[in-house]
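Okay, structure first, notes after.
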Amino acid sequence: MATDKPSSKGQAWFCTTGLPSDVVIEVDDMTFHLHKFPLMSRSRKLHQLITEEENNPTRPQKMGEDGDDNDEKRSEIVEEEDQEYCNIVLPDFPGGSDTFEIAAKFCYGVKIELTTLNVAPLRCAAEVLEMTDEYSEDNLISKTERFLSQSVLKSLKDSIKTLKSCKMIMPEAERLGIVNRCLDSVAKRASTTDPSLFGWPVNEPASGSNSESGTTRRRTTNTWFDELGDLSLPLFKRLISAMRTRDHTSPDLIEGCLIAYAKQYIPGISRSNWKQSSSTSLPPSQDEQRELLETIISNLPREKRLASSTPAIKFLFGLLRTSNILNIDEIYRNALEKKIGSQLEQATLDDLLIPSYSYLNETLYDVDCVERILSYFLDELEITMTRNEDGQDNDNIRSSELMLVGKLIDGYLSEIASDANLKHDKFYKFAVTLPHQARLFDDGLYRAVDVYLKAHPWLSEAEREKISGVMDCEKLTLEACTHAAQNERLPLRAIVQVLFFEQLQLRHAIVEMSPARGRLRNTDNRDENEARTVTWRETVRENEVMRVDMDSMRTRVQELERECTTMKKAIEKIPEASGKKSFARKFGCKFKTQVCDSQQSSAVDTRRAKNNRRRN
C-alpha cells in the first residue's frame with residue numbers, strides 16, 4: 001500500500017491501489033474515493049462514521065446508480081459497478097481538501113513531509129479525525145506534535161510562519177493552544193535578540209556556514225521582520241502584547257516590529273518599500289488603515305531609542321503625516337508627537353516640513369504641529385535634567401541635543417519665513433521658544449528674520465522691531481554683523497545695536513592682538529620680566545581707550561534714538577512723492593560715517609570730540 005501513488009483528477013481524488021473504492025468522502029469541492037480499512041485503522045472518527053453509514057439502510061448500494069459523470073473515469077481505474085460504498089461528508093474540515101489529502105496519504109502509509117505551513121492544519125485535522133496513539137501507534141497527532149516542539153517552536157522565523165498558517169483554522173488552533181505556543185516562542189526568542197545584529201536571536205544560529213559574511217548575515221536577519229507583515233492585525237496585536245510582557249525584550253526591537261508591519265499595510269509611510277502582498281489584493285480601506293495606525297501608535301515604546309536612527313525618526317514623521325490625512329483621534333496624535341519630541345535632535349529639516357492638511361490653517365506648513373513637538377522636546381529635556389542633576393556627562397549630552405535642535409529650528413524658521421500668510425505673532429512666538437543656550441550664535445536666527453522681513457514688507461515699524469528683537473545682536477558673528485549693518489530691511493534700532501556690537505567685537509580683537517604684538521616687539525631687547533611689564537602697561541592703556549570709546553558709543557546711541565524719534569515725526573510730514581529713499585540719502589550717510597568708524601583714537605581726541613558736540 002505504501003508504494004501505491006494516489007492521484008488527483010479534476011474534482012475527484014482516486015487511490016490507485018488496484019482495488020475498487022468502497023468509501024467516498026466529500027471535503028469542500030473535492031470527492032475522495034478511498035478504502036475503508038486504511039482509514040479505519042488510523043482514525044477513530046472515520047471508523048465511527050463508516051460504521052454508522054454501513055448500518056444506515058438508506059445508503060446507496062451501487063457506485064453507478066447515482067448517474068454521476070465521473071463513472072467513466074472510475075471505470076478507467078477499476079471495475080467497481082457492483083461494489084457497495086459509503087458516502088461521508090466532512091463539512092468545515094480544518095485546512096480544507098489539501099489537508100485531508102495529506103491525512104489520507106498518512107492513513108495509507110505514504111511518507112508525508114511536514115512543514116511550518118502545513119503542520120498546524122494537520123494537527124487540527126488529526127484532532128478532528130481522532131488520530132491518537134491510543135487508537136493507533138505513532139499516529140498523526142503525536143507526529144505533528146513532535147514536529148511542533150522539536151522544530152517549529154525552536155526557531156523564531158518558523159514560529160512566525162506557523163502562526164501565519166493558523167489564520168484559516170483559528171478556532172481549532174486556538175483550542176489546541178497552537179497560537180499561544182507560537183506567540184510565546186516568538187516573544188521568548190525575540191527577548192534574546194541583540195539589537196546591534198539587526199534583530200538576530202543570539203541563541204539561534206544563522207543559516208549557512210560559519211564563514212558566512214556579515215553582509216549575508218544581515219540580509220538573512222531582516223527576513224523575520226518581513227514575515228510579520230503576513231500576520232493578521234489581531235494576531236499581530238497579541239504578538240506585540242506578548243513581547244511587551246517579557247522584561248528582557250528591547251524597546252528598540254518592539255519598535256522595529258511595528259515599523260516593519262506598518263510599512264506593509266499603510267501606503268504613504270514608505271512608498272518606495274510598500275507593496276501589495278499579491279496582484280489581486282487591494283490596499284486596506286481608510287478605516288482599516290486608521291485602526292492599524294492607532295494600534296501602531298498605542299504600542300510604540302515610550303523609551304527613547306538606544307542609538308540614533310534616521311529611518312526610525314523618518315518613519316515616525318511618516319506616521320504623523322498619515323495621521324493628519326486620516327484624521328485619527330487626538331489622543332493618538334498627541335502620543336505620536338510626544339514620541340517624536342523625545343528624539344527631535346535626530347530629525348532633519350525635511351522631516352519638519354509637514355504640509356498643512358486642514359482648511360483652518362492658512363500657512364503652507366503645519367507650524368502648530370512643529371511647535372507642539374518642540375514644546376514636548378523641551379519638557380522632556382527639563383525632566384531629564386531634573387532627574388540627573390549630578391550627572392555631568394548626561395547634562396553634556398542633553399546640551400548637545402539642545403544645540404542640534406536649535407540649529408534645526410533656525411533652519412525651519414528660515415523655510416517658513418517666506419510664507420506670506422505666516423502671522424508675525426506666530427513667527428515671534430516660535431522663534432523665542434528655545435532657551436538662550438540653544439544657540440551659540442544667532443546667525444541662523446538672523447537669516448530667518450531677514451527672510452521674514454523681505455516676505456512681509458507691509459509690516460509696521462513696531463512689528464519690524466518686534467521681529468528683529470528675537471535675535472541677540474551680541475551673538476552675531478562679525479560676518480553677520482557686516483551684513484546686518486547694510487541691511488535696509490532691519491529697523492534703525494536693530495542696525496544701531498548691530499553696529500555697536502560690531503565695533504565692540506573689533507575692539508576686543510584689537511585688545512587680544514595687542515599683547516601678542518608687544519611680546520614680539522620686546523623679546524629681542526628685554527628679558528621676560530620687562531616684556532610682561534610692558535605688556536601689562538599696554539593692556540591698561542588699551543583698556544582705558546576702549547572704556548572711553550564705550551562711553552562715547554553709549555552717548556551716541558542715546559542721541560541716535562532721539563534722532564530716530566525726530567525722524568519718525570519728520571517722515572509723517574514728508575509727502576509720499578518724496579519717498580523714503582530720498583530721506584535715507586539725506587540722513588543715512590551721516591549716521592554710518594560716525595558710528596562705523598572703527599579706527600583707534602586716543603582718549604584726548606575722544607574727549608575733545610565729545611566736548612565739541614556738547615557745545616553745539
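General observations
- Restricting attention to the range 436-457 and to residues that are assigned to a loop (DSSP other than H, G, I, E, B) and open to solvent by less than 20 Å² (accessible area, probe 1.4 Å), the residue that is nearest to K426 (Cα to Cα) turns out to be H456.
- The range 25-44, residues that are part of a helix (DSSP H, G or I) and under 18 Å from P94 (Cα atoms): L39, R42, R44
- Tally of residues being in a helix (DSSP H, G or I) and either touching a residue at least 24 places away in the same chain (Cβ under 8 Å) or within 19 Å of Y428 (Cα to Cα) (or both) across the range 458-482: 15
- When the range 260-299 is limited to residues that are at pLDDT below 85 and of a type in the set (V, I, T), the one that is nearest to S232 (Cα to Cα) turns out to be I266.
- Unmet criterion (only one of (1) in contact with a Cys (Cβ under 8 Å, 6 or more places away or on another chain); (2) within 19 Å of S185 (Cα to Cα)) for I169: (2)
- Annotation: L117 fulfils all but one of (1) without any contact (Cβ under 8 Å) to a residue 40 or more places away in the chain; (2) surrounded by fewer than 16 Cβ atoms within 10 Å (Cβ to Cβ); (3) under 42 Å from the mean Cα position of the chain (by Cα); the unmet one is (1).
- Listed conditions (1) open to solvent by 20 Å² or more (accessible area, probe 1.4 Å); (2) hydrophobic (A, V, I, L, M, F, W, C); (3) at pLDDT below 90 are all met by V432, apart from (3).
- Candidate set: the range 311-335, residues that are closer than 18 Å to E288 by Cα and of a type in the set (D, E, K, R); chosen: the one most open to solvent (accessible area, probe 1.4 Å): E330
- Cβ-Cβ contacts under 7 Å between residues 6 or more apart (or on different chains), taken from a first residue in the range 161-172 that is over 12 Å from L231 (Cα atoms) to a second residue that is outside any helix (DSSP H, G or I), are listed as I169/P94; I169/G95; E172/P94.
- Tally, over the range 336-359, of residues that are open to solvent by 50 Å² or more (accessible area, probe 1.4 Å) and part of a helix (DSSP H, G or I): 3
- Some residue of the range 436-444 being at pLDDT 90 or above and either farther than 26 Å from S399 by Cβ or among the aliphatic types (A, V, I, L, M) (or both): no
- Flag for K167 being out of contact with any helix residue (DSSP H, G or I) (no Cβ under 8 Å at 6 or more places or on another chain), in a helix (DSSP H, G or I) and open to solvent by 30 Å² or more (accessible area, probe 1.4 Å): no
For (1) of a type in the set (S, T, Y); (2) assigned to a helix (DSSP H, G or I); (3) at pLDDT below 95, each residue gets a yes or a no:
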position	(1), (2), (3)
S97	yes, yes, yes
I112	no, no, yes
F147	no, yes, no
D184	no, yes, yes
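- Taken over the range 476-493, the residue count meeting the criterion of being open to solvent by 10 Å² or more (accessible area, probe 1.4 Å), over 14 Å from A448 (Cβ atoms) and not aliphatic (A, V, I, L, M) is 6.
The values are calculated or read from the model by the stated rules, or taken from the named source; none is laboratory data. Every value quoted in this text rests on a predicted model; they were computed, and no experiment measured them. Glycine gets a Cβ as well: all are built from the backbone with ideal geometry, and neighbour counts include every protein chain shown. When the accessible area is computed, the model is the full protein with side chains, heavy atoms only, and any ligands, DNA or RNA have been set aside. Shrake-Rupley method; radii C 1.70, N 1.55, O 1.52, S 1.80 Å.
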